[in-house]
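Below is one structure, written out as structure tokens; comments come after it.
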Amino acid sequence: MDEMSKGIIEQLQQDGRRPYAAIGKAVGLSEAAVRQRVQRLLDNGVMQIVAVTDPLELGFARQAMIGLTVEGPLEPVADALAEMDEIDYVVVTAGGFDLLAEVVCESDEHLLEVLSNRIRTIAGVRATESFVYLKLRKQTYSWGVR
């Protein structure tokens, strides 16, 4: 990835709605060139432009990180988790857990249903540990580019 593309990403991390003309002026490209580069970055999966919401404001009263211990291959379990609508983040880890998954639910009852009837029934899941979110203090997606 060249410096121009990195500059475009940094501009969009500051404001995902920044006009292409303004981005072009900041990085030294035409509006059309910025539009093409942004589309290429999106098509190649390098970045996404999304609205980040507060789940509480949208009626999702319970968020939790679930640590999973798995027997056997991790990928099938990770794939099954990734298919669930309630789960927005799945990562293979090293350490105390094999996988971490973030779940967003409408209520404690919904969280219990997802945990008991869906996550724990996946073949290979040996144990889970839930870390229920009480209050969000920081969430940012502006770590820049290297």
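Assorted remarks:
- Residue order, fewest to most beta carbons within 10 Å, for Asp108, Asp98, Asp2: Asp2, Asp108, Asp98
- Sorted largest first, the spans of the alpha carbon positions of the range 3-43 along the three principal axes are 21, 19, 19 Å.
- Using the Cβ of Ile23 as centre and a radius below 10 Å, the other residues enclosed give a net charge of +1, where K and R count +1 and D and E count -1.
- Pairwise FRET efficiency - Tyr141 versus Asp2, Cβ, R0 = 25 Å, nearest 0.05: 0.70
- Under 15 Å, Cβ to Cβ, from Gln14 - net charge with Lys/Arg +1 and Asp/Glu -1: +2
- Ala21/Met65 FRET efficiency (R0 41 Å; Cβ-Cβ; nearest 0.05): 0.55
- Rounded to two decimals, the Cα-based Rg/Rh of the range 55-132, with Kirkwood Rh, is 0.95.
- Note on Ala127 and Arg40: the model spin-label points, each 7 Å out from Cα along the C-beta direction, lie 4.9 nm apart.
- Highest mean packing first, where packing is the average number of other Cβ atoms within 10 Å per residue, the peptides 38-44, 25-31 line up as 25-31, 38-44.
- The orientation-averaged shadow of the Cα convex hull for the chain, equal to a quarter of the hull surface, comes to 10.5 nm².
- The chain, relative contact order [Cα under 8 Å, separation at least 6], %: 26 percent
- Annotation: the residues Met65, Met1, sorted from fewest to most other C-beta atoms within 10 Å of their own C-beta, follow the order Met1, Met65.
- Under 24 Å from Lys25, Cα to Cα: lysines that are on another chain or at least 8 residues apart: Lys6
- Within a straight-line Cα-Cα reach of under 19 Å, Lys138 can be paired with the following aspartates and glutamates, leaving aside sequence neighbours fewer than 8 residues apart in one chain: Asp15, Asp54, Glu57, Asp88, Glu102.
- Peptides 10-18, 129-137 ordered by average Cβ neighbours within 10 Å, highest first: 10-18, 129-137
- Stretchable slack from Arg118 to Asp79, in nm (0.36 nm times residue separation minus alpha-carbon distance): 12.7 nm
No value in this document is a laboratory result; all are computed from the given coordinates. No experiment lies behind these values; they were computed from the predicted model shown. Please note: Cβ atoms are built from the backbone with ideal geometry, for glycine as well, and neighbour counts cover all protein chains shown.
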